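Heads up, the thing below is written out as structure tokens.
The values are calculated or read from the model by the stated rules, or taken from the named source; none is laboratory data. Remember, predicted model here, so these are calculated numbers, not experimental data. Positions of Cβ are generated from backbone atoms using ideal geometry, with glycine treated the same way; all protein chains shown enter the neighbour counts. Heavy atoms of the whole protein, side chains included, go into the accessibility calculation; ligands, DNA and RNA do not. Shrake-Rupley method; radii C 1.70, N 1.55, O 1.52, S 1.80 Å.
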Amino acid sequence: MTSIRAAASRVAELLVGMSASRLALWIAFVAVHVWLGLVNLLGPGLPLGDVTITYRFWTDQAFSHDYWVGIDSVWVYPILAILPMLASFAFGPEVYGSTWLTLVMVLNGVAFAFLTRPTFSRERLAIAWWWIAFLLLLGPIALGRIDSVTIPLAVVGVVLLATRPRIAAFILVIATWMKIWPAALLAAIVVSSKHRLATVVVALGTSAAIVLVMFALGGGGAVFSFITQQAGRGLQIEAPVSTAWLWQAAAGANNAYVYYDQGILTFQVTGDGADVAADLMTPLLAVVALAVAALGILAVRRGAAALDVLAPLSLALVTALIAFNKVGSPQFISWLAVPIILGLGARLAGSSVPFRVPAVIVLVIAALTQVLYPYLYVYLLGLNTVLLIVITARNALYFVLLAWAIAELWQVGTRARVGEGGPLSDEPWPETAWPFAPNQRGMI
């Protein structure tokens with residue numbers, strides 16, 4: 001027994017030592033990306049289908065027929081989403097998927113480099129280890145959608161937030177014009193940060209420039225079509241709101257069934273009341289987002305530190321975008337990585353908000369999502385009882401996560417009101433405070 005304990009102790013010491021090794025961290029980063037790339041290219045369920053079929057088709061149209069989605073027609077994505085799609089055509093259509101995966105790995109590598117600067121402590125390296133674990137648990141979808149490009153951009157944005165707020169805002173705006181979700185991070189910055197005016201100016205200026213270019217290219221009529229295209233959708237089967245109709249369809253209820261929408265190119269669910277629910281989800285999402293933002297404003301007005309408000313507010317807004325969305329694509333889970341990275345970093349910088357609980361919850365959500373997609377997705381479409389339980393549990397965890405973030409926001413405001421908050425938001429952080437830029441002075 002003593003020898004077993006000694007061996008276990010040595011293994012534990014080895015693992016702890018490796019966790020503090022930057023070389024081990026980068027080896028793990030590359031290994032996870034190679035593994036996810038192979039699964040995307042060779043694994044079951046066609047996990048890279050959106051890239052190799054849909055994205056490649058749109059790119060083919062542009063190069064072969066001079067027909068540009070988002071300019072010559074309406075499109076489901078903001079216009080800058082076309083840029084990584086075009087870049088993946090650089091070496092020809094035959095290797096489109098491999099080029100896409102390489103592009104995402106390079107972008108993730110740039111963001112990862114910001115998280116693993118030479119002066120980082122073991123605690124700060126743990127944030128990068130968390131991201132690696134998240135990617136592995138989420139599976140191939142972590143690299144196989146347009147969201148995969150916006151994640152590293154958003155990570156770099158939050159890394160630069162304290163010391164380069166205007167550059168951070170610019171990067172987040174560019175990401176928003178690829179996929180709308182980073183707007184939640186921008187909203188959290190505007191609510192909580194002393195740099196709110198600069199953020200608004202950069203966001204409006206950058207967006208205005210993009211819109212003007214769109215009009216110059218003849219795409220003015222489609223510039224905001226990504227909003228109208230989403231508004232008319234039905235209930236995608238993975239969305240939390242769809243869970244009730246999935247169980248009805250499994251129970252054989254009249255008019256409840258899963259179908260494939262040829263216009264949107266996704267599986268949706270219908271049944272009694274489904275159309276009404278689909279119509280109500282978008283305004284409900286807006287109401288919830290406004291309510292969460294109002295709670296953040298209340299915490300700030302009570303005197304809560306920006307460092308305490310920003311991360312839980314970001315997490316609440318991003319989670320709300322998923323929990324109250326009638327679209328529930330598995331890649332949405334990748335969004336959650338950014339507010340978790342921000343929250344873990346803010347905690348090291350002196351925030352009073354602990355972020356271990358949401359970090360664990362998000363890892364569980366990621367793992368359950370990989371169970372659902374891509375390997376067993378066909379069984380979900382077949383309304384398999386086990387997978388219905390899995391998706392119900394996964395969707396319930398969104399609301400657990402949202403409740404945690406809202407509760408922390410409320411407590412931050414309460415603590416500030418009674419004088420028990422964290423560092424004052426109008427005091428500059430010491431040079432070593434912000435873990436993502438340890439050699440520079442700045443404040444949120």
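For this structure, a couple of remarks:
- Residues in region 264-300 that are open to solvent by 10 Å² or more (accessible area, probe 1.4 Å), touching a residue at least 40 places away in the same chain (Cβ under 8 Å) and not in a strand (DSSP E or B): 14 in all.
- In region 32-80, residue least open to solvent (accessible area, probe 1.4 Å) [restricted to those that are under 25 Å from THR369 (Cβ atoms) and of a type in the set (Ser, Thr, Tyr)]: TYR55
- Residue check, GLY92 under 27 Å from TYR373 (Cβ atoms) and either open to solvent by 30 Å² or more (accessible area, probe 1.4 Å) or of a type outside the set (Phe, Trp, Tyr) (or both): no
- Taken as a whole, region 97-117 holds no residue that is over 18 Å from LEU153 (Cα atoms), out of contact with any His (no Cβ under 7 Å at 6 or more places or on another chain), at pLDDT below 95 and open to solvent by 50 Å² or more (accessible area, probe 1.4 Å).
- Index of the failed condition, ASP272 passing every other in (1) under 30 Å from TRP68 (Cα atoms); (2) modelled with pLDDT of 90 or more: (1)
- Identity of the residue in region 335-380, within 20 Å of PRO240 (Cα to Cα) and of a type in the set (S, T, N, Q), that ends up most open to solvent (accessible area, probe 1.4 Å): GLN370
- If only residues of region 407-421 that are buried (at least 21 other Cβ atoms within 10 Å of the Cβ) and within 27 Å of the chain's Cα centre (by Cα) are counted, the one that is modelled with the lowest pLDDT is GLY413.
- Among the residues making up region 301-328, a single one is under 24 Å from ILE391 (Cα atoms), among the aliphatic types (A, V, I, L, M) and part of a loop (DSSP other than H, G, I, E, B): VAL327.
- Those helices (runs of 4 or more DSSP H) of region 126-206 in which 1 or more residues are open to solvent by 10 Å² or more (accessible area, probe 1.4 Å), free of Cβ contacts under 8 Å to residues at least 12 places away in the same chain and touching a Ser or Thr at 6+ places or on another chain (Cβ under 9 Å) occupy 183-192.
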